[in-house]
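In what follows, a single structure is set out as structure tokens and then discussed.
The values are calculated or read from the model by the stated rules, or taken from the named source; none is laboratory data. Since the structure is predicted, the reported quantities are computational estimates derived from the model, not experimental observations. Using ideal geometry, Cβ is built from the backbone for each residue, glycine included, and neighbour counts are taken over all protein chains shown. In case anyone asks, the SASA skips ligands and DNA or RNA and just uses the protein heavy atoms, side chains included. Shrake-Rupley method; radii C 1.70, N 1.55, O 1.52, S 1.80 Å.
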Amino acid sequence: MQQKKNVSMKDIIQSQRKERDELLGRPYLERHTKYNKAELLSNPLIKFISGPRRVGKSTYALLLLRGRNFAYLNFDDQLLLSRWNEDLVMRLLDDVYPDYEYLMLDEVQNLPEWDLWVSKLYRRGKNLIITGSNANMLSSEMATVLTGRYLSVEMLPFSLEETFSLHNIDIQHTNNESQNEVSALLDDYLRNGGFPETLSARSITQNYLATLFDSILLKDIAKRHNVRKTTELYNLAYYLLANFCNPLSANGLTEELNMSSVTTTQKFCQYLIEPFLFYFLPRFNNKLKLMQKTDKKLYVVDNGFVNSSAFNLSENLGRLLENHVFIELLRRGYKPGQTLFYYHSANDKETDFVIRKGTKVESLIQVCYSLESERTRKREMDSIVDCAKELHCDDLVIVTKNEEDIVEKGGRTIRVMPIVKF
């Protein structure tokens, strides 16, 4: 009986090796991160690559390890999880990958008490590269055993810059002939987003992302958390998708969707944050208690999810641009509720993004698709200046689709810049 079990586990690990080798043989696009690959690999700390499903975490890890001797375990495999035996697996890895230097653990959050096992491997001197699709993996109480033992590499869908690079366009050096191509690519990106598998196959984007969205709801949320009220979960998820960039509250959502309780709404919202689907941005206030009581603005990890749900995009261009700017700020390392907020002035003027460094407000960013209308221009300028006076900030930016200007208003300088230069 034991021999049969051993063979079964070895079959699984050998099958995963074939999977690894096949993936290594594919052509890939290089991703931009703040880390030098050689320095990252040589660092003895755990390399933790996090982000939504299908954004290229595994690909990044494989490219990082290409040409190296490394072992591979994929925990998106129910066979591996159902037959899991820690000691047996470690012995078999030595057989299947003799003298391996690195160990790659893909989607490791699927393994119960994964952090305790990873911590044990780290103490034994294993050089680990792990990926995960759950935002709470390293903030949960259970994961405190890894504190100080890892480097975090956060992956998101392709940025606008990466998308232009894919099409061999240098957005810093465009000429009149390429302007139409740049504009068309920008429009396409704002509507369809940057998930890697959709960039060269836009005809399948809507169907692909609709399926991915449902899969995340089912696999990463409903099954993981044993959600019984799945209808409420799905209704909430699609309502949030339709109301991206809007301020929302748990009480308001509960009433609007006839949810069973505010507690359930809050719990489901947290579930939707975990797989990197949505982000909630708090309103800036120096008093933490007051900040926690205000509505939070909602953003979605990729604009393509909005389009995939067949909402009317003609009315959403401004919000699509705002959502894109939010995700770009995440790429630059800003953290909602820590260094990134939105703001309402005493006169009820709003600024989309407040960037804080330490105790000081460093800059304000307003997003407006077009300032061609004089009424719109006045409203946006007045809003950012009013907020700047209250927050004692002098670095003011308004991001538009394609307008560029320097404006003096209310004793402050406002830089108007197109999204491709932002």
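From the list Ala237, Ala242, Ala222, Ala250, the lone residue that is modelled with pLDDT under 95 and of a type in the set (A, V, I, L, M, F, W, C) is Ala242. Residues in segment 163-210 that are outside any loop (DSSP other than H, G, I, E, B) and of a type in the set (D, E, K, R): Glu177, Glu181, Asp187, Asp188, Arg191, Glu197, Arg202. Identify all residues within segment 321-348 that are crowded, with 20+ Cβ neighbours inside 10 Å and either more than 26 Å from Tyr189 (Cβ to Cβ) or in contact with a Lys or Arg (Cβ under 7 Å, 6 or more places away or on another chain) (or both); write none if there are none. The answer is Leu321, Phe341, Tyr342, Tyr343. For segment 59-84: of the residues being free of Cβ contacts under 8 Å to residues at least 24 places away in the same chain and in a helix (DSSP H, G or I), which is nearest to Glu197 (Cα to Cα)? Among those residues, the one meeting the criterion is Gln78.
Quick check on segment 182-190. Is at least one of its residues open to solvent by 50 Å² or more (accessible area, probe 1.4 Å) and on the phi < 0 side of the Ramachandran plot? Yes. Does segment 43-53 contain at least one residue that is charged (D, E, K, R) and open to solvent by 70 Å² or more (accessible area, probe 1.4 Å)? Taking every residue of segment 43-53 in turn, none turns out to be charged (D, E, K, R) and open to solvent by 70 Å² or more (accessible area, probe 1.4 Å).
For segment 141-148, the criterion of being open to solvent by less than 60 Å² (accessible area, probe 1.4 Å), among the small types (Gly, Ala, Ser), at pLDDT below 95 and within 29 Å of Arg224 (Cα to Cα) is met by at least one residue.
Regarding Leu105, is this residue free of Cβ contacts under 8 Å to residues at least 40 places away in the same chain, outside any helix (DSSP H, G or I), open to solvent by less than 10 Å² (accessible area, probe 1.4 Å) and at negative phi? Spelling it out, Leu105 is indeed free of Cβ contacts under 8 Å to residues at least 40 places away in the same chain, outside any helix (DSSP H, G or I), open to solvent by less than 10 Å² (accessible area, probe 1.4 Å) and at negative phi. Of all residues in segment 212-229, exactly one satisfies the criterion of being touching a helix residue (DSSP H, G or I) at 6+ places or on another chain (Cβ under 9 Å) and among the small types (Gly, Ala, Ser), namely Ala222. Within segment 234-255, residues that are within 17 Å of Gln292 (Cα to Cα) have Cβ atoms under 7 Å from residues that are of a type in the set (Val, Ile, Thr) in these pairs: Ala250/Val262; Ala250/Thr265; Asn251/Val262; Leu253/Thr265, counting only partners at least 6 apart in sequence or on another chain. Among strands (runs of 3 or more DSSP E) lying entirely in segment 265-379, which contain 1 or more residues that are free of Cβ contacts under 8 Å to residues at least 60 places away in the same chain, among the β-branched types (Val, Ile, Thr) and farther than 30 Å from Asp220 by Cβ? Of the strands (runs of 3 or more DSSP E) lying wholly inside segment 265-379, those with at least 1 residues that are free of Cβ contacts under 8 Å to residues at least 60 places away in the same chain, among the β-branched types (Val, Ile, Thr) and farther than 30 Å from Asp220 by Cβ span 350-357, 360-367.
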